Every structure is written in structure tokens, then in C-alpha cells.
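First up is the structure itself, then whatever we jot down about it.
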Amino acid sequence: MVDRQKTDVAALTEAEALAELERLSALLLAANAAYHTQDAPEISDAEYDALKRRNLAIEAKFPHLKRADSPSDQIGAAVAEGFGKIAHEIRMLSLENAFDDADVVDFEDRIRKYLGHDGPIAFTAEPKIDGLSLSLRYEQGQLVQAATRGDGEVGENVTQNARTISDIPQTLADAPDVLEVRGEVYMSHTDFQALNERQVARGGKTFANPRNAAAGSLRQLDPGITAERPLSFFAYAWGAVSAPLAETQMNSINRLRALGFSINQLTKVCNTAAEMLDHYHDIEARRASLGYDIDGVVYKVNELALQRRLGFRSTTPRWAIAHKFPAELAWTRLLAIDIQVGRTGALSPVARLQPVTVGGVVVSNATLHNEDYILGRDSKGEAIRGSKDIRVGDWVQVYRAGDVIPKIADVDLSQRPNTAQPYEFPTFCSECNSPAVREEGDAVRRCTGGLICPAQAVERLRHFVGRAAFDIEGLGAKQVEAFYRDEWVRTPADIFTLRARFGTGIQQLKNREGWGAKSAENLFDAIDEKRKIPLNRVIFALGIRHVGENSASLLANHYSTWDQFEAAMTHATIGEGAEWDELLAIDGVGGVLAASVIAAFQNDKERAAIDALAAELDIQAVAKRGPVDSPVAGKTVVFTGTLEKMTRAEAKARAESLGAKVSGSVSAKTDLLVAGPGAGSKAKAAADLGVQTIDEDGWIALIGDA
Ligand code: I6G
């Protein structure tokens, strides 16, 4: 909804102003909810700002009409504040994605290699429901807690709301003492249509699709509203359990059904990749008639013993994958091409489109990736879209797959206006005018301005305060941008000195649009709360090129403390030396990522910003996962020779999950050498150093069922 009541503020009567303040308050409240708690912004930033400005202008003209709950005094995720937080006893992970049949064959192949397994491996295959995940905790058969996924570690407490969903049993007979059931809350097509019709009749907000409706209905502060909304629930997994449900995935799901949960009837055991793909195509063919939205098929290794052996990467299980359905398509007009300068200086072309609905969502922007993409070439120089270039004015086909940013799939040349000109990609940064260069082998043209480029600096700050990074309550992208514009905050460290610089002059903050004395004080408190922060979040928040959430966790898990990480990056040399070898030995860290991290720590300007930030923080060491009483916890282990009962990758992952550090070479620091047949120089070095040496059976006996 957009502000349509354009009456000039100066011309408003008192009665009109009162009504208008009420209307604006409701609009802004809804916009905040959509943005912060549903991740589904409904209005643009510019529209949001315009509404806020109008609200302020009316308050300035009629100060006595200012509402006690004025949106001018509210910041950030006020709506989500109402929910308590619940730390998941076992993390709620996400799934790796497969986009085509080859990815699925590859998934099966990787599992086989990891396990060193030649025989058949069974998998379950089931529809992936497009809703929102929920974890239900039962103790002694009573539902005691329901939590959303949140960031996987901590979710929102929606227990009262979950109690209103009829598919969710309140009590269980014959369940383990502790049982966490995980699954998806969703809304069926008929319920969704009926809800929207009711909303229209009441003059309330309608929902763009069933997923938004389910999310908006579950995350209501008033459980009475959730109770009126027709939500459903499918159980598909479990978290903490005091006793195993069964020995296989399929039987565990069947046990959940016996306990009273709805499980998806299309869940099936498949024995080969070909059977999995058959089931996928079967489910895809029935998609339109299922009566609820699904966005793919999930495959899981059926034997739980094999799932345990396969274990987890930092955020996804190795034993499961989500095979997504192909994207949805629509045709529309390309109105303009804008360039956005990103956190790493990348000049990213963005297509501005005549708004079009694609799969239930209105799309008005799409990514154009880079200049080659616009010209009709991929990163290897091969033709895409039959080499058709993209021009402003073109009739283009847009596609959307899941949550990814929409893309342009095709151009209809027969609809190209005669006046359409080939797009000329800029060679200077539109923000700081520094040359934008394209390095050999890089598909992307980058601004060379570094931190002097306001766009890069702001993007880094936006990244820094993002959800997966510092996630400071009340300090979102908008606020940090405003602080940058006013020169209050230039680098992340400046955020942590705000109270010292402006705390006594709260008036200054208060005078800014949208801030009151209380919200300013709350902001300083929220900033202080985030001084104590886990290492992986800090590494991710630095915004180093190629370091995503996953790789930040890999680095944090490996180095454990900020001091060890910082020392290693300071002493490392790109391409050689012990620190470089150690970085590359981390499963999942490659040369490009390693070089990028070292370069960031060894660039004077970047380093100054990193050091200033670290000085403001209390960075938490990574708590070692895995049983503390593991016989190998804290030990440095080396594997050598041939392993016959497990692959090297499995042995390493298992040792690490038990708290051991796995090294590639024997030294005085080595505690244990596991030597299979054919062990050579490492066995000799271990003998010379007096390092304890055992064979593979000795290793299995040592770790047992730990
Ligand atoms: O996000 C998910 C959707 C469906 C899942 C999932 C699922 O099973 C049908 N299963 C797991 C184990 C996880 N996420 C982590």
C-alpha cells in the first residue's frame, strides 16, 4: 500500500490530521512488520521514508495530536521484540540445494565416496513444503515449547500460537521423555483464498502468497489472531530426543505419525538416484493438484547410522539435499539499467522492470550480474540466451527460483524498439568517480576507490549490521546509512564509540528523524550488548570478499579464538608457508578465499579498521562442539597410510567432531598417529618423536560410540 492521501499538510484540518496520523501509524506499523519480521518488504525504502516524513510534518504542525505510540519514536524490529527467544538445544540447519538431475547424481556419488560404500544406499524422498519451519518440544508427552527457526541457533518463542494449530498435538502418548519434533507450518490453497477474501471483506491486509500468510499468521503477538488463521503442520524431522525414534528416517517419520502428527503421504524410500529422480518428476507432475505450495523434493539418507557417519558441514547436513523445482517465468518490459556499487566494489547492473507477478510475488527488479551477461555471454565467454544482448526498452522474460534474486532468462527480439541502443557499461564508479577496472579472469568490474568510495563504505556497514553479522536491535541498514551520511559512523568501530561521543548529547540523536530519548538510550544499550559476540559472526561481519557465513564458521571453528586467527592471518604469506598450508587444510577453504582473507589483514587501511573494531569487542572463542569427555578432545591427531573401514574425509570429520585437531604432518605437537598399511615417513617421524601410534582398529576402539 502506498500513501495515496496527498493532501498538503498545511491544508489539513485538525480532524483530518488526527485521522491521517492514525492511518500513517497503521501503514508504518505494517511496513515495519513486513520488513523486519516477515522478510517481505511491501513498500520501497523511498515510499517508507515519504510516509515517515509526512507523519513527522503533521506532528510538527499539530504537536498536541502526536500519538503515544507515534511511529516517529519507533525504530527497527519493534514488532519482533514481543517474542521471547529460545535457544535450540540442537541447531536447526538448512539444506544444501540441488538444481538439476546431475546435482542429485553427484549428491549420491559424494555420499558413496565419503562412506567408501559400493552397495546400495537407500534414501527417503518427500515434497519440500513452502512454509516456515517450526520446532516443537515435548517433555513427558506435554507440548512445552514451540520455536521458529530464527538464525538456526536461536528462534522466536511462538508456543502460544502453535497451540492453536489443530495439526499440532498438545499431548503425546508413548513418546520419549524429551522429544523435539520439527516440521513446516503452511497454509493450504483453499484456506489461503478464504483468508484473503475475509481480509478484503474486513478491509484488512491481504497476503501475496500462502507462505507469507502462514508466516504472518504464526508470528502474531496476539495468539487469538493465529487461532483465527487456518494453519497446518507437517512433521518431517526431530531435534533433541531422549531415546531414538527408530533406526531409519522412514521409520522415524512413521513413528511421528503414530504419535499423532501429520506426515506427508508422498514420502517414499528410493534405492537409487534414478528412483529419486523418478519420484521427483512424479511429485512435480502432481504439484498443481496437491492443494498446498511446495518448492522441491528433499532427499535424506535413510539409515540413521549412515546419517551419523556422514555428519554435518558447518550449516548443512551431508546426508540430505533439497532438489528445487525450476523457476517461475513471466514477460515484462525493461525500463532502465542502474548500477549498484557493492561492499567489495563490484559494479552490479540491476534491471528496473515494469512490475510483473512471478509465482505470486511482484517483481520490479532483477539482477543482470555483469557486463558479459548483458552482452549475452557467460563467465567462460560462452553464448547465453542465443547471444542476445539486453537493452533498455526490451521485452524480457523474468524468472524467480525460491528466494533467489529474480533474473532475466530471455529477450524477445521481435519486440525490441527501433530506438533501443546497446548498453554501455560504465568504466568509472558512479559514486566516487574512481576508475572501475576489470581484472584478468574476473567477470566483474570493480570500483578501485576502496574505503574512500561512499558506496563501498556504506555497503560494508550495512553488511556489518546485517542479521547474520552484528544484528544490532534498532540499528538497521537505514539507520547506519543515515549515520554514515552525517559522518557519525565511518567504519564499524565507530558504532561502538557512539555512546562515548554522543551519549551525553542524546539531544542530538533525539532531534534526528525517528528518534526519541528512549530509543536513543535503547540503541546505545543494544550496541553494548553486541560487544560480546561469537568469533564466526565477527569474521563474517568484516565483509571480506569471498567470506560468507559458511566459510566464516569454518575459519572460526578452526582457529577457535580471535587472537589465534588474527596472529595466523598476520603471519601468513599468500601461496606459501605453514600458515598458508594450515588455511588450505581446512575442509571447505580454497586458495581464492585464503588469499582474500590474508590480503584484507595485510592491507594497512583495512587492518586499521579491523584492529579498531577488535579493540571494542569481547570476541567469544568457539565452544568446542562434541562430547567433552571424548578421549581425543583437544588432541592433535595425524592419519597416515591406507584406512580400510572409513575414508580419510570421514576419519577427519569424525575426529574433529570429537574435539580433536587433525593435522597433515607429524611434529612435537602431535599426540596420536593413526597408521594404516603403507604408512611411511610419518610413522618413522612419530617413532623418533615418541608419539603414540595406533592402527585403524585401535582408533575405532578408542573412539567407540563417542
Ligand atoms: O528445511 C527443511 C525442509 C524439509 C529441512 C528438512 C526438510 O525435510 C523434509 N530436513 C532437514 C533435516 C532440515 N531442513 C535441516
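Among the residues making up the stretch 92-113, those that are within 16 Å of Lys128 (Cα to Cα), in contact (Cβ under 8 Å) with a residue 60 or more places away in the chain and either away from the ligand (no atom under 15 Å from the Cβ) or in a helix (DSSP H, G or I) (or both) are Phe99, Val104. Against the condition within 29 Å of the chain's Cα centre (by Cα) and under 21 Å from Ser133 (Cα atoms), how does Ala305 come out, does it pass? When the stated conditions are applied, Ala305 does not pass them.
Just wondering, is there one or more residues in the stretch 321-342 that are more than 30 Å from Gly393 (Cβ to Cβ), surrounded by 21 or more Cβ atoms within 10 Å (Cβ to Cβ), among the aliphatic types (A, V, I, L, M) and touching a strand residue (DSSP E or B) at 6+ places or on another chain (Cβ under 9 Å)? Yes: the stretch 321-342 contains one or more residues that are more than 30 Å from Gly393 (Cβ to Cβ), surrounded by 21 or more Cβ atoms within 10 Å (Cβ to Cβ), among the aliphatic types (A, V, I, L, M) and touching a strand residue (DSSP E or B) at 6+ places or on another chain (Cβ under 9 Å).
Among the residues of the stretch 362-404, the one identified as touching a helix residue (DSSP H, G or I) at 6+ places or on another chain (Cβ under 9 Å), modelled with pLDDT under 90 and either more than 30 Å from Val437 (Cβ to Cβ) or open to solvent by 70 Å² or more (accessible area, probe 1.4 Å) (or both) is Ser379.
Selection of first residues in the stretch 122-140 that are outside any strand (DSSP E or B) and of second residues that are near the ligand (Cβ under 8 Å from one of its atoms) and among the charged types (D, E, K, R), restricted to Cβ pairs under 6 Å at least 6 apart or on distinct chains, gives the following pairs, ordered by first then second residue: Gly131/Glu184. The set of residues from the stretch 438-447 being surrounded by 14 or more Cβ atoms within 10 Å (Cβ to Cβ) and out of contact with any Leu (no Cβ under 6 Å at 6 or more places or on another chain) comprises Arg438, Ala443, Val444, Arg446, Cys447.
One residue stands out in the stretch 113-146 among those that are modelled with pLDDT under 95 and open to solvent by 40 Å² or more (accessible area, probe 1.4 Å): the one that is nearest to Leu259 (Cα to Cα), namely Asp130.
Within the stretch 315-335, being in a loop (DSSP other than H, G, I, E, B) and away from the ligand (no atom under 13 Å from the Cβ) holds for Phe325, Pro326, Ala327.
If I filter the stretch 312-345 down to residues being at pLDDT below 95 and of a type in the set (Gly, Ala, Ser), which single residue comes out as farthest from Ile129 (Cα to Cα)? Residue satisfying both the conditions and the ranking: Gly345. Within the stretch 79-89, at least one residue is within 16 Å of the ligand (Cβ to nearest atom), modelled with pLDDT of 70 or more, farther than 22 Å from Ala11 by Cα and surrounded by 16 or more Cβ atoms within 10 Å (Cβ to Cβ).
Conditions (1) at pLDDT 90 or above; (2) closer than 30 Å to Leu347 by Cβ; (3) open to solvent by 30 Å² or more (accessible area, probe 1.4 Å), marked per residue:
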{"site": "Gly449", "(1), (2), (3)": "no, yes, no"}
{"site": "Ile452", "(1), (2), (3)": "no, yes, yes"}
{"site": "Ala455", "(1), (2), (3)": "yes, yes, no"}
{"site": "Phe470", "(1), (2), (3)": "yes, yes, no"}
{"site": "Gly474", "(1), (2), (3)": "no, no, no"}
{"site": "Glu487", "(1), (2), (3)": "no, yes, yes"}
{"site": "Arg499", "(1), (2), (3)": "no, no, yes"}
{"site": "Asn511", "(1), (2), (3)": "no, no, yes"}
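The residues in the stretch 570-600 that are in a helix (DSSP H, G or I) and under 28 Å from the mean Cα position of the chain (by Cα) can be counted, and the count is 13. Of all residues in the stretch 179-226, exactly one satisfies the criterion of being farther than 23 Å from Gly82 by Cβ, over 26 Å from the mean Cα position of the chain (by Cα) and either within 16 Å of the ligand (Cβ to nearest atom) or open to solvent by less than 10 Å² (accessible area, probe 1.4 Å) (or both), namely Leu179.
Among helices (runs of 4 or more DSSP H) lying entirely in the stretch 196-285, which contain 2 or more residues that are of a type in the set (Gly, Ala, Ser) and modelled with pLDDT of 95 or more? Those helices (runs of 4 or more DSSP H) span 249-258.
The values are calculated or read from the model by the stated rules, or taken from the named source; none is laboratory data. All values reported here derive from a predicted model rather than from experimental measurement. Cβ: placed from backbone, ideal geometry, glycine included. Neighbour counts: every protein chain shown. Just the protein is used for accessible areas: all its heavy atoms, side chains included, with ligands, DNA and RNA removed. Shrake-Rupley method; radii C 1.70, N 1.55, O 1.52, S 1.80 Å.
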